């Protein structure tokens with residue numbers, strides 16, 4: 001996934017020296033003119049061609065030094081031409097509009113959602129756009145947020161300068177107050193992820209975009225809907241219909257990124273994050289696939305920066321869950337809290353599917369009963385279990 005805040009600072013930005021280099025400027029130019037996606041295929045093909053040329057000159061082991069690399073170079077060049085014709089020039093058969101996924105349960109829906117790197121050229125149908133914006137309004141209502149700062153999502157129908165996504169021309173831009181409010185950034189992640197899940201049920205494809213979005217392009221297309229004195233663009237989400245035609249290099253990158261840390265590295269049974277949580281034993285097994293959908297939640301560069309500590313209390317000789325503390329494992333001011341918000345959305349959606357009641361709350365160290373906790377992971381918010389009142 002290409003996700004997180006457009007605004008970058010500290011460890012989230014490239015070194016100024018690198019940004020000023022000619023190589024960096026060339027990379028950015030290729031990236032935002034839509035050619036960088038195709039260059040890896042050409043570069044690898046040229047490398048094989050050079051090996052084949054060297055093998056021809058050497059004259060030894062012709063199968064290994066000439067025919068194999070020459071064949072690989074030819075295959076890659078054919079692939080490049082195919083990508084150029086079908087994706088860059090858009091010369092391919094008309095693709096169908098994907099079907100809705102109303103029949104999927106919440107867990108299967110969350111697992112079915114995958115970042116889309118290539119979109120069809122067709123615009124969203126009016127009915128889909130209307131339903132999408134209804135979802136936006138529902139999930140950004142003040143009473144639906146964890147924090148007190150407003151967040152909003154603006155719809156843009158324009159070919160924003162983004163990377164590595166191709167063909168995207170409709171977007172949701174997530175905006176929070178310019179004055180930094182970490183909880184507002186968490187709310188952006190949580191609210192937008194719920195919109196993304198609604199879009200997935202509609203059959204729409206989505207892709208979170210952060211560092212791959214050009215800030216100037218986004219602000220320019222927002223026009224008077226963006227006030228630089230008050231607003232802060234947190235991230236962008238492309239939305240549309242998935243295309244099966246995609247640059248080969250992006251397809252390979254997507255395949256390599258489809259990996260996740262084990263649950264034992266994400267969920268813990270103590271506030272110091274030393275003891276992995278055994279999600280198969282009582283009482284944690286009651287939360288079923290909630291762990292899985294958080295494990296597979298999108299995050300910037302698939303960094304998986306969110307951690308969770310589960311807390312129990314005695315209950316008639318047994319233990320029962322009290323809350324789940326969600327924390328960020330890095331000092332990131334934007335990427336990590338957005339990813340944490342996405343976890344919150346998936347966790348909450350999963351618990352609703354299981355009829356487990358709870359609510360989000362920001363608790364002080366005293367309320368959490370935590371002393372001497374490490375600086376990282378950094379606590380952000382808790383999901384508190386709503387147990388039935390006892391008489």
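What the table below lists for this structure:
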read-out	value
Scan of region 253-283 for residues that are touching a helix residue (DSSP H, G or I) at 6+ places or on another chain (Cβ under 9 Å), part of a helix (DSSP H, G or I) and in contact (Cβ under 8 Å) with a residue 60 or more places away in the chain, ordered by number	253, 257
Members of region 209-236 that are assigned to a strand (DSSP E or B) and over 20 Å from residue 147 (Cβ atoms)	209, 213, 236
Unmet requirement for residue 148, which otherwise passes all of (1) buried (at least 18 other Cβ atoms within 10 Å of the Cβ); (2) out of contact with any helix residue (DSSP H, G or I) (no Cβ under 7 Å at 6 or more places or on another chain); (3) assigned to a loop (DSSP other than H, G, I, E, B)	(1)
Residues located in region 349-377, provided they are in a helix (DSSP H, G or I) and out of contact with any strand residue (DSSP E or B) (no Cβ under 7 Å at 6 or more places or on another chain)	349, 350, 352, 353, 365, 366, 367
Residue check, residue 158 surrounded by fewer than 18 Cβ atoms within 10 Å (Cβ to Cβ), outside the structural domain of residue 37 (by TED's automatic domain parsing) and in contact with a helix residue (DSSP H, G or I) (Cβ under 6 Å, 6 or more places away or on another chain)	yes
Count of region 162-206 residues which are assigned to a loop (DSSP other than H, G, I, E, B) and over 15 Å from residue 135 (Cα atoms)	10
Out of 269, 286, 309, sole residue that is buried (at least 20 other Cβ atoms within 10 Å of the Cβ) and within 19 Å of residue 383 (Cα to Cα)	309
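Residue by residue, here is whether (1) touching a helix residue (DSSP H, G or I) at 6+ places or on another chain (Cβ under 9 Å); (2) touching a residue at least 60 places away in the same chain (Cβ under 8 Å) holds:
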{"residue": "320", "(1), (2)": "no, yes"}
{"residue": "326", "(1), (2)": "yes, no"}
{"residue": "341", "(1), (2)": "yes, yes"}
{"residue": "353", "(1), (2)": "yes, yes"}
{"residue": "368", "(1), (2)": "no, yes"}
{"residue": "375", "(1), (2)": "no, no"}
{"residue": "380", "(1), (2)": "yes, yes"}
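Each row is one residue, and each column tells you yes or no for (1) in contact (Cβ under 8 Å) with a residue 60 or more places away in the chain; (2) surrounded by fewer than 16 Cβ atoms within 10 Å (Cβ to Cβ).
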{"position": "35", "(1), (2)": "no, yes"}
{"position": "47", "(1), (2)": "no, yes"}
{"position": "70", "(1), (2)": "no, no"}
{"position": "75", "(1), (2)": "no, yes"}
{"position": "92", "(1), (2)": "yes, yes"}
{"position": "127", "(1), (2)": "no, yes"}
{"position": "130", "(1), (2)": "no, yes"}
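The values are calculated or read from the model by the stated rules, or taken from the named source; none is laboratory data. Just so we're clear, the structure is a prediction, and the values are computed from it rather than from any experiment. Cβ: placed from backbone, ideal geometry, glycine included. Neighbour counts: every protein chain shown.
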